[in-house]
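**Student:** Before anything else, here's the structure in question.
The values are calculated or read from the model by the stated rules, or taken from the named source; none is laboratory data. Note that the structure is a prediction, hence the values are computed from the model and not measured. Reconstructed Cβ throughout: ideal geometry from the backbone, glycine too, with neighbour counts over all protein chains shown.
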Amino acid sequence: MKEYRLALSLEKKSRQYFIDDRINKQLLPVDWISEKSLSNIENGYNMPSLVTLKYLSVALEVDFSTLINAIEEYILPSENSNRN
């Protein structure tokens, strides 16, 4: 997801600037996500809900299905994982 954020034509590349810009453009609700939460999602520490992914797709100006496909490997179990 970070790649999509950095690909936007924003003045600054920081997460906080992205959040503030998207709120100002009314693409994200006020106080919807913190910089730390966005960082955790981008770095793979947190798996966002579908609602969060939908908000992020709007904020990132990316089709929802494109965003889902981009994180598919983190959602679906690996073929090499042990299944019971």
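**Student:** Does Val62 qualify as being among the hydrophobic types (A, V, I, L, M, F, W, C) and not in a helix (DSSP H, G or I)?
**Tutor:** Details: among the hydrophobic types (A, V, I, L, M, F, W, C): yes; not in a helix (DSSP H, G or I): yes.
Yes; evaluated as a whole, the condition is true for this residue.
**Student:** Additional query: Can you find even one residue in the stretch 38-45 that is under 24 Å from Ser9 (Cβ atoms), among the acidic types (Asp, Glu) and touching a residue at least 40 places away in the same chain (Cβ under 8 Å)?
**Tutor:** Going through the stretch 38-45, the residues under 24 Å from Ser9 (Cβ atoms) turn out to be 38-39, 41-43.
From the residues that got through so far, the ones that are among the acidic types (Asp, Glu) too are 42.
Subset that is touching a residue at least 40 places away in the same chain (Cβ under 8 Å): 42.
There is at least one residue in the stretch 38-45 that is under 24 Å from Ser9 (Cβ atoms), among the acidic types (Asp, Glu) and touching a residue at least 40 places away in the same chain (Cβ under 8 Å).
**Student:** Right, something else. For the stretch 6-55, give me each residue that is acidic (Asp, Glu) and over 23 Å from Ile71 (Cα atoms). Outline the logic, then answer.
**Tutor:** Residues of the stretch 6-55 acidic (Asp, Glu): 11, 20-21, 31, 35, 42.
Selection gives Glu11, Asp20, Asp21, Asp31.
**Student:** How many residues are of a type in the set (S, T, N, Q), more than 16 Å from Lys2 (Cβ to Cβ) and surrounded by 14 or more Cβ atoms within 10 Å (Cβ to Cβ) if we restrict to the stretch 12-48?
**Tutor:** Counting residues in the stretch 12-48 that are of a type in the set (S, T, N, Q), more than 16 Å from Lys2 (Cβ to Cβ) and surrounded by 14 or more Cβ atoms within 10 Å (Cβ to Cβ) gives 0.
**Student:** Now for a different question. Taking into account only those residues within the stretch 49-81 that are hydroxyl-bearing (Ser, Thr, Tyr) and either farther than 13 Å from Tyr4 by Cα or surrounded by 14 or more Cβ atoms within 10 Å (Cβ to Cβ) (or both), which is modelled with the lowest pLDDT?
**Tutor:** Ranking the candidates gives Ser81 first.
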